[in-house]
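Notes to accompany the following structure.
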């Protein structure tokens, strides 16, 4: 557990920023590269941790190899990759539209897969490394209005779990993170797209600093996954009882969506 170069996407967000703090606290000598599309917000986080701030549009999938190589040339190979960037919309399938839907897929699934593809050759060669993929409970239970988001998060979650099995022989760990709602800009945006009612106001919501600490603890233990808040560890059992659609009705998108 002596990483030399840690790269975190979505670092201007609540979870990514707290993860940057965790890694900086425990590995102050490691190079820390923080990536986000919001350059102004990203720079504020990078300044806190003496990190490299790299503005990047992760939906430009074909440009990622050249961008990745530029990071390696300047800061060295990445031995801890954290795929934390994500966007969420709660909209009907028809209301989402293909362009918005494709962006959801690209950021939440395609970009993390491409970055893993770029990071793994070095990790396998050195027989050491870790990938942390932030999936979502929306990828484990059906939530109305989340066809694109839930589908993408289900994809990255399952791919991440399989990658852990594939890479165990190479001493590369893959951690899959399944957050429920977490206080963040993403959560606020998504909550604004659903009908508000008494249930939606009291849905269990976690704190980004607690989640980041649990992710880092799992990294130190070479663990497999994180589910937080704890109550969502029951969500899969709820889904198996065919109760999810009724339980999650409060996520219904607004009528015009």
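Could you state, as a whole-number percent, how many of the C-alpha pairs of segment 5-251 are farther apart than 24 Å? In whole percent, the share of Cα-Cα pairs in segment 5-251 beyond 24 Å is 43. When each of 26, 75 is scored by the number of other beta-carbon atoms lying within 10 Å, the sequence from fewest to most is 26, 75. Extents of segment 57-183, taken as max minus min of Cα coordinates on every principal axis and listed largest first, are 45, 28, 26 Å.
Here the residues 35, 172, ranked from fewest to most Cβ neighbours within 10 Å of their Cβ, fall in the order 172, 35.
Arranged from fewest to most other beta-carbon atoms within 10 Å of their beta carbon, 100, 144 become 100, 144.
No lab work stands behind these numbers, since they all come straight from the coordinates. Fair warning: this is a prediction, and the values are worked out from it, not measured in the lab. Quick reminder, even Gly has a Cβ in these numbers, built from the backbone with ideal geometry, and neighbours come from all protein chains shown.
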